[in-house]
Amino acid sequence: MPDWLSPAFIIGWAGAWALLVVCFIIFAETGLLVGFLLPGDTLLVISGLLSHSTDQFPNGVFGVNVWLVALLIGLSAFVGGEVGYFIGHKGGPAVFERKESGLFSRKNVERTNAFFERFGGITVILARFVPIVRTFAPVAAGVGHMPWKRYSLYNLIGAVLWGFGLTMFGYAIGYIPPIADFVKDYIDLILLAAVAGSALIVLWHYLGERRKAAKYAEAGGDTETDAVEAQALRLDAEVFDRAPDLDGDGKH
């Protein structure tokens, strides 16, 4: 095989572009309504692992220091959350007027609303660690007109804990001897597996959501959220001021 077709050469050439792709995925997971299909948590940990220096990649796969990798990923998570809020704030309940499909489900919005009902405004922080909810929470907060300054503060905290924190966690576990040896010897295969795995996860989630939508339609369910139903999905402003119901007994 020619040198320019080797994994080491391809990954080394990709460098910053690979980091850009990771940052876009993290941004999309909270900035775009279709982002719930993406493998955020796993990608963050693997990005930390791939930032380790090896004989093949002296500066890690991304070609830059892990602190910069984690910072850029955390920033992408924050910006994604701000964009999601802006979409919800400007679009209002109309953003939920959609047909059930592999890219949208009213149940996902209802699940997110249930988190807000229980935990109040700090859902914006907690949602970062809950797949699906982290995609719809910024939009739901925007539609409900959660105070922007408070939202942005919670969004920043969540982005730091999740985006920056999980990336550094992935980097840290790379120092555990068995893992460190594996990363050193197979870092190129880890990246290729991460790319292939991410693509399969997205496809699996999408097809799963499509099947759910099809079964719901076959059962005679309402497959389209109209203006009245979309309005009902809008959270009341007082929800964002609630204290967390940690016991789950409905008392705040």
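The values are calculated or read from the model by the stated rules, or taken from the named source; none is laboratory data. Computed from a predicted structure; not experimentally measured. With ideal geometry, Cβ positions are generated from the backbone for all residues, glycine too; neighbour counts draw on all protein chains shown. Accessible surface areas use protein heavy atoms only, side chains included; no ligands, DNA or RNA. Shrake-Rupley method; radii C 1.70, N 1.55, O 1.52, S 1.80 Å.
The table that follows gives values for the structure above.
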{"item": "From the options Phe78, Phe86, residue that is in a helix (DSSP H, G or I) and within 30 Å of Val228 (Cβ to Cβ)", "result": "Phe86"}
{"item": "Top-ranked residue of segment 68-123 - restricted to ones that are aromatic (Phe, Trp, Tyr) and under 15 Å from the mean Cα position of the chain (by Cα), ranked as most open to solvent (accessible area, probe 1.4 Å)", "result": "Phe78"}
{"item": "Residue in segment 188-204 that is farther than 12 Å from Ser47 by Cα and either at pLDDT 95 or above or not in a helix (DSSP H, G or I) (or both) present", "result": "no"}
{"item": "Failed condition for Ser6, given (1) surrounded by fewer than 21 Cβ atoms within 10 Å (Cβ to Cβ); (2) at pLDDT 80 or above; (3) among the small types (Gly, Ala, Ser)", "result": "(2)"}
{"item": "Residue count, segment 135-162 (criterion: closer than 18 Å to Leu32 by Cβ and touching a Leu at 6+ places or on another chain (Cβ under 9 Å))", "result": "10"}
{"item": "Residue match in segment 143-156 (condition: part of a helix (DSSP H, G or I), in contact with a Phe, Trp or Tyr (Cβ under 7 Å, 6 or more places away or on another chain) and modelled with pLDDT under 90)", "result": "no"}
{"item": "Residue list for segment 155-164, filter: open to solvent by 20 Å² or more (accessible area, probe 1.4 Å) and in contact with a Gly (Cβ under 6 Å, 6 or more places away or on another chain)", "result": "Val160, Phe164"}
{"item": "Selection within segment 227-237 - in a helix (DSSP H, G or I) and open to solvent by 90 Å² or more (accessible area, probe 1.4 Å)", "result": "Val228, Gln231"}
{"item": "Output for segment 20-74, where each listed residue is among the polar types (S, T, N, Q) and assigned to a loop (DSSP other than H, G, I, E, B)", "result": "Ser51, Ser53, Thr54, Gln56, Asn59, Asn65"}
{"item": "Set Leu44, Leu38: member being in contact (Cβ under 8 Å) with a residue 40 or more places away in the chain and open to solvent by 20 Å² or more (accessible area, probe 1.4 Å)", "result": "Leu38"}
